[in-house]
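Notes to accompany the following structure.
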Amino acid sequence: QGACGPAKSAAMPEKAVFKGSNNGLLAMIGDDDTITGMLLAGCGNVDEKRNSNFLVVDAKTSHAQIEEAFNKFTKDPRISILVINQYIAHEMRGTLDKWAELGEKRPAILEVPSKEHPYEKALDPVYQRTKLLLGLRD
């Protein structure tokens, strides 16, 4: 059973496992609405030591707590994708840029909008990089 997907049942066939694949988990750093939606979709995971694969960020969450969660998730070899709200990623852009400079390929960082903070393409590094590679102008 993955951290984001249906639980195995007797009626479900085994999923294909590809060589080199370790079927990693999804981790999340986001606001209450984003994390709640992901948990309702079945993407939450809490292990026997009560470690979770998500951090809910609110007004009381410190920058240090967010960075601690980011570092924990990016160092965990089981994590394949880190979903982070775009406005939170913008607040810690320096940390994200330093991590990207290391050349790490895993986990993939996916910045998503939130209900309270709509998508801003000017803040999206993937959009900016794609635009540059394609020679597009606004």
Count of residues meeting criterion [part of a loop (DSSP other than H, G, I, E, B) and touching a residue at least 24 places away in the same chain (Cβ under 8 Å)] in segment 47-62: 3
Count, please, the residues in segment 57-70 that happen to be of a type in the set (S, T, N, Q) and open to solvent by less than 60 Å² (accessible area, probe 1.4 Å). 2
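The values are calculated or read from the model by the stated rules, or taken from the named source; none is laboratory data. Note that this is a predicted model, so its numbers are computed, not measured. We place every Cβ from the backbone using ideal geometry, glycine too, and count neighbours over all the protein chains shown. These accessible areas exclude ligands, DNA and RNA; they are computed on the full protein's heavy atoms, side chains included. Shrake-Rupley method; radii C 1.70, N 1.55, O 1.52, S 1.80 Å.
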